[in-house]
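The values are calculated or read from the model by the stated rules, or taken from the named source; none is laboratory data. What you see is a predicted model; the values in this text were computed from it and never measured. No Cβ is skipped: glycine too gets one built from the backbone with ideal geometry, and neighbour counts run over all protein chains shown.
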Amino acid sequence: MSTINPTGKDIISVSTEFAGKTLTLEVNRVGFRTSASVLVSYGDTVILGTTMVGSRPVVLDYFPLSIDYEEKFYAAGKISGSRFIKREGRPSDEAILIGRLIDRPIRPLFPKGYRQEVQVVSSVLSMDPSFRPDAIAMIAASTALSLTGAPFDGPVAGLRIGRVNGEFKAFLTPEEREESDLDLVVAGIESGITMVEAGANQVSEDMIADALAWAFEAYQPAIALQEELIEKVGVEALEYTLVLPDDKIQADVDSWVEGKLGEALHKPYPERNELVSTLRWAFHDEMRAKVGDEDYPKLRDEYDEAFTSALHKDVRRGIVESQTRPDGRQLDEIRQLSSEIGILPRAHGSSLFTRGLTQGMNIVTLAPLSYAQMVDTMEVNDGERRYMHHYNAPGYTVGEVRRLGSPGRREIGHGYLAERAVLPVLPTEEEFPYTIRSVTEIMSQNGSTSMAATCSSVLALMDAGVPLKAPVSGIAMGLMMEGDTPYILSDIADAEDFAGDMDFKVTGTEKGITAIQMDMKVHGLPVEVLRQALTTSKPGRAHILAHMLTTIAAPKVELSPYAPRIEKIKINPEKIGAVIGKGGEVINKITAETGAMIDIKEDGLITVASNDAASIEKALNWIKSLTEEPEVGRIYEGKVVSIKDFGAFVNILPGIDGMVHVSELSNERVEQVTDVLHEGEIVKIKLTGIDERGRLSLSLKDVEQ
């Protein structure tokens with residue numbers, strides 16, 4: 001086999017052992033017109049990482065970086081299960097979430113003021129079904145980006161790990177993920193961790209910190225391999241220009257704000273926001289007068305950015321020097337809390353949770369299991385989402401005018417974090433046979449709406465009567481590093497988030513953690529700092545949970561009168577066919593004659609839903625008659641189906657006949673079977689035994705007719 005390379009460059013390949021398999025990076029085989037491209041192989045997984053870097057800065061007030069993860073169904077040997085759409089289109093929520101996982105550790109590693117367009121894409125070309133490909137996609141993105149020569153302070157690597165039989169492990173199989181009490185993604189650079197995301201089954205803070213330390217050491221070979229490839233390729237640094245406020249402008253701004261910030265702005269929200277807004281307008285008016293009406297419009301954005309920078313420096317100064325936060329709170333102080341339930345009369349469950357200026361309204365809707373969302377992704381383990389949490393935050397929640405549209409990556413990510421926080425405490429389908437949709441409508445934003453979404457959803461679920469195993473609360477924490485000293489803030493607001501070095505969200509029960517999301521704005525943090533941050537979050541989370549329990553202490557016993565009533569029955573899976581019937585004939589007949597909605601699971605769980613109790617009972621009795629198993633010692637009402645010299649056969653259940661011997665027809669001697677029974681007769685008869693071949697023995701003795 002020969003490979004033609006029209007660029008004349010040699011194909012370069014490097015490999016290393018990484019978490020039990022060989023990781024290979026290869027360049028110059030494909031993607032000749034990209035700024036950089038790489039093929040990454042791990043087991044049977046192959047991912048193409050590509051990067052394009054714009055040639056000059058663009059006129060924007062933000063860094064135009066886009067990072068995407070592309071699912072290709074062919075990679076798993078699949079065709080989309082959608083009946084109407086077979087080609088890949090809009091990315092699935094899962095693909096968007098993985099794109100965010102890759103984006104979050106990479107974005108902070110570019111210098112402030114970098115404005116050249118950068119597009120990074122990780123495309124899955126082949127997928128080994130024995131593990132998830134997201135960590136390999138992250139390595140592909142980082143490698144392609146590092147090969148461009150752009151000012152990226154990487155490389156980055158990451159791992160998704162779990163805990164099996166008490167031991168941490170990366171690249172878990174689907175079966176191992178089911179058994180694991182931890183699903184943790186850790187990413188970072190050689191010197192520290194830059195991103196953490198986790199779902200957990202009520203585990204301790206120390207266990208999470210130990211997992212971070214294990215993952216940090218485990219991903220180092222992937223970073224070393226990228227550095228080896230960069231050296232072999234001989235990457236040359238690209239020239240670039242940073243778009244930052246002029247030093248003289250920043251000095252003028254710092255001089256102007258001196259004495260106007262600090263204690264003068266240490267006010268509760270929203271008063272502080274109003275003071276900052278008034279000060280900003282006064283600042284621009286004075287700068288316009290100083291610079292001149294003709295020149296100032298060209299420089300206004302630069303002056304505004306310098307003003308914002310001065311505000312952020314002031315926030316940090318107050319916290320580091322006097323441990324005073326922008327709104328006057330102590331570092332571990334939580335804003336005022338309030339909450340309500342049952343605020344929407346027709347909703348199955350509803351709540352309103354307020355923390356300072358941040359407010360979330362949550363609405364819970366219950367439906368039969370057939371309303372679960374079908375998941376159609378590239379990965380083999382497709383299935384259903386029985387619990388869905390959706391998050392909405394329109395422009396008015398931050399006081400802005402914005403077009404309404406479909407949810408963006410942030411909305412999908414926040415909704416997923418709140419969903420993940422609750423999943424470990426949800427009842428099973430057998431315990432609570434409902435599909436559950438939880439929707440958080442954010443009403444106002446000023447710091448960590450995802451945690452408001454978590455708390456409001458738990459309140460609404462309890463209001464709806466969902467029997468949670470334990471209530472969950474969540475808190476957003478912040479961190480500022482001054483040298484080697486961390487300053488950890490509980491319940492951060494926007495000003496602290498913008499000025500800080502890390503924000504992290506932790507959710508959990510009294511027993512332990514259920515979800516984590518950590519994002520660092522500095523270039524990596526050591527595990528011990530993260531351990532301290534996790535430990536510090538625990539009292540604040542407990543404080544919020546205690547408040548929630550004063551609003552509703554336990555899930556309601558009764559469902560809303562507007563929620564559908566659902567009853568369940570578990571049958572032998574081999575008898576599912578009897579309920580469905582040929583071509584669905586039987587189940588359609590039950591549905592038509594009772595008016596009930598019937599859902600059947602492969603494991604034999606059948607749920608019957610209706611707003612009419614009599615309809616449910618009729619359908620359940622019908623199903624029982626079709627699927628009931630014979631029970632020794634029970635008396636049945638059966639029909640005599642045939643008479644023999646030695647006895648009679650009696651049908652006691654649909655499709656199930658038993659034999660009553662002539663000696664069991666009466667306590668008196670019986671000469672002929674027809675002296676006691678006649679074909680077609682309905683009799684009460686007792687099941688006395690089932691032999692090893694499944695044959696049923698019946699008796700009329702001691703049964704009143």
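Worth a mention:
- Selection within segment 88-144 - among the small types (Gly, Ala, Ser) and under 17 Å from ILE189 (Cβ atoms): ALA135, ALA140, ALA141, SER142, ALA144
- Residue match in segment 99-117 (condition: more than 30 Å from MET374 (Cβ to Cβ), touching a residue at least 40 places away in the same chain (Cβ under 8 Å), small (Gly, Ala, Ser) and in contact with a helix residue (DSSP H, G or I) (Cβ under 7 Å, 6 or more places away or on another chain)): no
- Segment 223-266 - residue that is among the hydroxyl-bearing types (Ser, Thr, Tyr) and exposed (fewer than 15 other Cβ atoms within 10 Å of the Cβ) and, of those, nearest to SER55 (Cα to Cα): THR241
- In segment 497-541, the residue that is modelled with the highest pLDDT out of those that are surrounded by fewer than 22 Cβ atoms within 10 Å (Cβ to Cβ), within 17 Å of ILE193 (Cβ to Cβ) and of a type in the set (Lys, Arg) is ARG531.
- Pair list, Cβ < 6 Å and 6+ apart or interchain, from segment 253-278 residues that are closer than 16 Å to TYR303 by Cβ to residues that are small (Gly, Ala, Ser) and surrounded by 12 or more Cβ atoms within 10 Å (Cβ to Cβ): VAL253/ALA306; VAL253/ALA310; ASP254/ALA310; VAL257/ALA310
- Single residue of segment 144-191 satisfying the filter (under 25 Å from the mean Cα position of the chain (by Cα) and in a helix (DSSP H, G or I)) that is nearest to LEU530 (Cα to Cα): ARG177
- Residue check, GLU567 under 20 Å from THR435 (Cβ atoms), acidic (Asp, Glu), under 31 Å from the mean Cα position of the chain (by Cα) and assigned to a strand (DSSP E or B): yes
- The residue pairs whose first member lies in segment 474-495 and is assigned by TED's automatic domain parsing to the domain that holds THR536 and closer than 15 Å to CYS455 by Cβ, whose second member is crowded, with 20+ Cβ neighbours inside 10 Å and at pLDDT below 90, and whose beta carbons are closer than 6 Å, counting only pairs six or more residues apart or on different chains, are ALA476/SER448.
- Some residue of segment 104-120 being in contact with a Lys or Arg (Cβ under 6 Å, 6 or more places away or on another chain) and modelled with pLDDT of 95 or more: no
- On the stretch given as segment 317-365, residues that are among the aliphatic types (A, V, I, L, M), under 22 Å from GLY483 (Cβ atoms) and surrounded by 20 or more Cβ atoms within 10 Å (Cβ to Cβ) total 1.
- Filter result for THR22 (assigned to a strand (DSSP E or B) and without any contact (Cβ under 8 Å) to a residue 40 or more places away in the chain): yes
- Residue satisfying all of: in segment 35-61; modelled with pLDDT of 95 or more, of a type in the set (Val, Ile, Thr) and out of contact with any Gly (no Cβ under 7 Å at 6 or more places or on another chain); farthest from ARG115 (Cα to Cα) among these: THR45
- Candidates in segment 676-700 are the residues that are basic (Lys, Arg) and loosely packed, with under 15 Cβ neighbours inside 10 Å; of these, the one that is farthest from LEU665 (Cα to Cα) is ARG693.
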